[in-house]
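Read the structure below first, then the notes.
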Amino acid sequence: MSKKLSVVLVDDSRGVVAQLQRLLEQIEGVEVVGSAFDGAGAVRSVAELRPDLVLMDIVMPGMDGLAALRLLRASQPELRVVMVSSLGGSAARAEEAFRLGAVQVVSKPFDKPVLEALIEREAERARARESS
């Protein structure tokens, strides 16, 4: 059996992390390996767990998602990061996330089919990378 896509979830709302975890647990070939509730925790978790993918909120207290993304991409340029933003989120923040290397920005509340398709694409990409 091929390796599962390992994912770290980052959001200052424990409810959002739990919601994402429940959704991802339903997708075959995906394993949530950790979570964090701010940018500093994200940097620590990713350094320790070395996931394939990070789903991270943009706006968080303390170190926000953009600052964390900047640090994560500097230390692990191949890391795949999907940023999460509320519908009222700023287009400028989404643009900055892409500039810093985010592979996608998804909106809260989550569109389950869109999120599932994104995760399945990332899992397929990881499997292809593993077999090459």
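The one condition from (1) over 13 Å from the mean Cα position of the chain (by Cα); (2) buried (at least 20 other Cβ atoms within 10 Å of the Cβ) that V30 does not meet is (1). Name the residues in the stretch 83-105 that are without any contact (Cβ under 8 Å) to a residue 40 or more places away in the chain and surrounded by 15 or more Cβ atoms within 10 Å (Cβ to Cβ), would you? Listed by number, the residues that qualify are M83, S85, G89, R93, A94, E96, A97, L100, G101, A102, V103, Q104. R121 - would you say it is surrounded by 12 or more Cβ atoms within 10 Å (Cβ to Cβ), over 13 Å from the mean Cα position of the chain (by Cα) and under 19 Å from K3 (Cα atoms)? So R121 fits the description; yes. Restricting the first member to the stretch 32-50 and to residues that are free of Cβ contacts under 8 Å to residues at least 40 places away in the same chain, and the second to residues that are of a type in the set (S, T, Y) and part of a helix (DSSP H, G or I), the beta-carbon pairs closer than 6 Å and six or more apart or on different chains are G34/S45; A36/S45. Of all residues in the stretch 9-24, those that are of a type in the set (D, E) and over 12 Å from the mean Cα position of the chain (by Cα) total 1. Going residue by residue through the stretch 68-75, is there one that turns out to be under 23 Å from K4 (Cα atoms), basic (K, R) and either surrounded by 13 or more Cβ atoms within 10 Å (Cβ to Cβ) or in contact with a His (Cβ under 9 Å, 6 or more places away or on another chain) (or both)? Checked the stretch 68-75: at least one residue is under 23 Å from K4 (Cα atoms), basic (K, R) and either surrounded by 13 or more Cβ atoms within 10 Å (Cβ to Cβ) or in contact with a His (Cβ under 9 Å, 6 or more places away or on another chain) (or both). The lone criterion from (1) more than 23 Å from R14 (Cα to Cα); (2) more than 11 Å from the chain's Cα centre (by Cα); (3) part of a helix (DSSP H, G or I) left unmet by A97 is number (1).
Restricting to the stretch 100-132, give me the number of residues that are outside any helix (DSSP H, G or I), over 14 Å from L24 (Cα atoms) and not hydroxyl-bearing (S, T, Y). So that I can check it myself, show each step before the final result.
First, the residues of the stretch 100-132 that are outside any helix (DSSP H, G or I): 100-111, 132.
Checking the rest, the ones that are also over 14 Å from L24 (Cα atoms) come to 100-109, 132.
From what's left, not hydroxyl-bearing (S, T, Y): 100-106, 108-109.
Selection size over the stretch 100-132: 9.
The set of residues from the stretch 1-24 being surrounded by fewer than 14 Cβ atoms within 10 Å (Cβ to Cβ), closer than 16 Å to R121 by Cα and of a type in the set (D, E, K, R) comprises just one member, K3.
Values in this text are rule-based calculations from the coordinates and carry no lab data. Keep in mind that this is a model prediction, so the values were computed, not measured. Cβ atoms come from the backbone with ideal geometry, glycine included; neighbour counts cover every protein chain shown.
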